[in-house]
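Working notes for the structure below.
The values are calculated or read from the model by the stated rules, or taken from the named source; none is laboratory data. No experiment lies behind these values; they were computed from the predicted model shown. Ideal geometry is used to build each Cβ from the backbone, glycine not excepted, and the neighbour counts take in all protein chains shown.
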Amino acid sequence: MTTRERILETAIELFNDQGTKAVTTNHIAAAMGISPGNLYYHFRNKESIIRAIFEQMHEVGTREYLAINAERGPGTAESMFETFVMIQRFNWRYRFFKRELTALVMSDPQLGELFLASHRTNLAMVDAALERSIHQGFLKPMEEEVRRLLAEQVWLVTLFWLNYLEVGGEQVTDASLIRGTDHLQLILEPYLSDAARMAVQENNKRGPTRH
């Protein structure tokens, strides 16, 4: 692992434990056992570290999403529900960003631009997945406007499920993360084809996302 990668990993750990306001670049350098000057060689300030972490988040999330689609098939029930659980576990790894999302993107215009681009990309991925599901007969045909609204509903639950658990004082566990898939199924249920309902029932029996 390079020094730059170690800085990011250490920052993620400290931010998760203490929040970004309580952690300075000196704290990060001290935790790593390097000089502040060494850290500044790689990052100008704490804001640049947070931006680099977010870029890592986007790259990792996209790579894992594509891997699930390659294994489970794009637009299938298995890929949809497994993606949901993957994102929740992903969000837990970067939980400081989830907790401070609004404050972080509002206080740093550059980070705000990065987040907006990532948000639009992810929402487009959800919409594309729904469109594939319609073509494959997993979902019933629907108007484009309805599909886009459905994509927003799915993305809202996916994006903020972890926040809901924490704000509600609920312990974040595999069971509570996976429970979000039940909400996802309720959102999609009115749009499922008969064949899809059978596939979802089989998926629930096998529990592929419950490992």
Q | Total residues in the stretch 1-38, condition under 23 Å from R99 (Cα atoms) and either touching a strand residue (DSSP E or B) at 6+ places or on another chain (Cβ under 8 Å) or among the polar types (S, T, N, Q) (or both) | A | 7
Q: Could you please let me know if L139 is in contact (Cβ under 8 Å) with a residue 60 or more places away in the chain and buried (at least 16 other Cβ atoms within 10 Å of the Cβ)?
A: no
Q) Can you tell me how many residues in the stretch 106-120 are within 16 Å of the chain's Cα centre (by Cα) and without any contact (Cβ under 8 Å) to a residue 40 or more places away in the chain? A) 4
Q: Working carefully through the options S118, S107, S133, find the one that is touching a His at 6+ places or on another chain (Cβ under 6 Å) and either assigned by TED's automatic domain parsing to the domain that holds W161 or surrounded by 14 or more Cβ atoms within 10 Å (Cβ to Cβ) (or both).
A: S118
Q: Name the residue, out of F15, F84, F43, F90, that is surrounded by 13 or more Cβ atoms within 10 Å (Cβ to Cβ) and in contact with a Leu (Cβ under 6 Å, 6 or more places away or on another chain).
A: F84
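One line per residue, one yes/no per condition, for (1) modelled with pLDDT under 90; (2) touching a Lys or Arg at 6+ places or on another chain (Cβ under 7 Å); (3) at positive phi; (4) assigned by TED's automatic domain parsing to the domain that holds V126:
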position: K140; (1), (2), (3), (4): no, no, no, yes
position: R147; (1), (2), (3), (4): no, no, no, yes
position: A151; (1), (2), (3), (4): no, no, no, yes
position: L162; (1), (2), (3), (4): yes, yes, no, yes
position: L165; (1), (2), (3), (4): no, no, no, yes
position: Q171; (1), (2), (3), (4): yes, no, no, yes
position: D174; (1), (2), (3), (4): yes, no, no, yes
position: G180; (1), (2), (3), (4): yes, no, no, yes
Q.
Can you say whether V126 is of a type in the set (A, V, I, L, M), over 15 Å from L192 (Cα atoms) and out of contact with any strand residue (DSSP E or B) (no Cβ under 6 Å at 6 or more places or on another chain), as far as the supplied structure shows?
A. yes
Q.
Need the failing condition index for V60 against (1) among the aliphatic types (A, V, I, L, M); (2) crowded, with 19+ Cβ neighbours inside 10 Å; (3) under 14 Å from the mean Cα position of the chain (by Cα); (4) within 22 Å of A117 (Cα to Cα), just the number.
A. (2)
